1. Determine the shape class of segment 206-316: with a ≥ b ≥ c the square roots of the Cα gyration tensor eigenvalues, call it rounded for a/c under 1.5, and otherwise prolate if a/b is greater than b/c, oblate otherwise.
2. Among residues other than G182 whose Cβ falls under 14 Å from its Cβ, what is the net charge (Lys/Arg +1, Asp/Glu -1)?
3. Placing unit charges on C-beta atoms (Lys and Arg positive, Asp and Glu negative, everything else neutral), compute the dipole magnitude of the chain about its Cα centre in debye, rounded to 20.
4. For K108, list the lysines whose Cα falls under 24 Å from its own Cα; do not include residues on the same chain fewer than 8 positions away.
5. Among the lysines, which fall within straight-line cross-link reach of K174, defined as a Cα-Cα distance under 24 Å, with same-chain neighbours fewer than 8 residues apart omitted?
6. Indicate the gyration tensor shape class of segment 127-201 (rounded, prolate or oblate), computed on the Cα atoms with a ≥ b ≥ c the square roots of the eigenvalues: a/c under 1.5 is rounded; otherwise a/b larger than b/c is prolate and the rest oblate.
7. Using a probe radius of 1.4 Å on heavy atoms only, what accessible surface per residue do you get for the chain? Whole Å² is fine.
8. Going toward the positive end of the dipole of the chain, with +1 on Lys and Arg Cβ and -1 on Asp and Glu Cβ, which of V153, H224, G287 do you reach last?
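The values are calculated or read from the model by the stated rules, or taken from the named source; none is laboratory data. All of these numbers come straight from a predicted model, not from anything done at the bench. In this analysis, Cβ positions are derived from the backbone assuming ideal geometry, glycine residues included, and neighbour counts consider all displayed protein chains. For accessibility, only protein heavy atoms count, side chains too; no ligands or nucleic acids. Shrake-Rupley method; radii C 1.70, N 1.55, O 1.52, S 1.80 Å.
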Amino acid sequence: MAGVLASVDQRTQLVGENRLELLLFHLHSRHFFALNVFKVKEVVKLPHLNKMPNAHPKVCGVTNIRGESIPVIDLRQAICMPPCDRDKDCNLVITEYNRSVQAFLVGKVDQIVNTTWSDIMPTPKSVGRNHYLTALTKIKRDGVEHIVEIIDVEKVLAEIVEYKVEIPQDILDKDIINEFHGRKILHADDSPTARRQVADTLAQLGIEIIPATDGQEALNVLKHWADEGIDVQKELLAVITDAEMPVMDGYRLTYEIRNDSRLKDLYVILNTSLSGSFNHAMVEKVGCNAFLSKFQPDLLVTEVQNRLKDVLQKQI
């Protein structure tokens, strides 16, 4: 399975093309679940797991892969299903999110499929807020159409790892702190957990967050304002966007912004749980102003603070 994972060079070719690759797997059921291949380091058969005293109930153990100790999360249990049966079909999907490595215990791993973000559908609002999905898509097998459920790993990890949103006082610039009030930032992210983390952090500065659930929704807002004659660059301090989103990803959103004369000078921050040096190549290719891996409130505030300093400096 590791051999089918895309290389860094192949991955960067997807930038700006609104494409993605999904790793499909089962959780000891007929349903298909998926994770973005960007976040998958490798897939291995279930090795021996050591129990961790006082670990979170959803962390079923720790394993050693090539000298690295990796916590293992039972993904069935993490999304409020009964714990995973450990049998010959079990695999570990080793991932890198938010600058940390963790493994998810899953059942049978199916294959990798190449698709487009335009084929990814948001979860219906009628399912409520307590689900663990960011999106859905469809595949065909033997002439039969199947729904694929894409896991909201942001929510899974937030329930296991404590992410603090308090801003360290020593990073605040007291000379400009009052200048934040009334400033606006457009934030595009398909994960409600991620949107809440950013909003709760920046609200402490008095910044108004305008949320969007995907890149297309964010672009629609920007173009509507521009059509109404609003100077969008003066209206917004910045645009913060996730990389992975249904309908339109963050790379394509940035590409569309840069190719609209009314929007092209907007300050765009890519804020994503994707890790690795290839992200910087992606950022440079599509024209983002900055890259931040989730979730680091101190670095987020520092970036927004530096942006405000640049705006104030230009007004002098």
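1. Judged from the Cα gyration tensor, segment 206-316 comes out oblate (a/c at least 1.5, b/c at or above a/b).
2. Working: positive: R183, K184, K234; negative: E179, E208, E235.
Taking every Cβ under 14 Å from that of G182, the sum is 0.
3. Details: 37 positive and 44 negative charges, 131 e Å.
My answer is approximately 620 debye.
4. K39, K41, K45, K51, K58, K88, K138, K140, K155
5. Within reach: K164, K184, K234, K309, K314.
6. prolate
7. I get 47 Å² per residue for the chain.
8. Working it through, the farthest residue towards the positive pole turns out to be V153.
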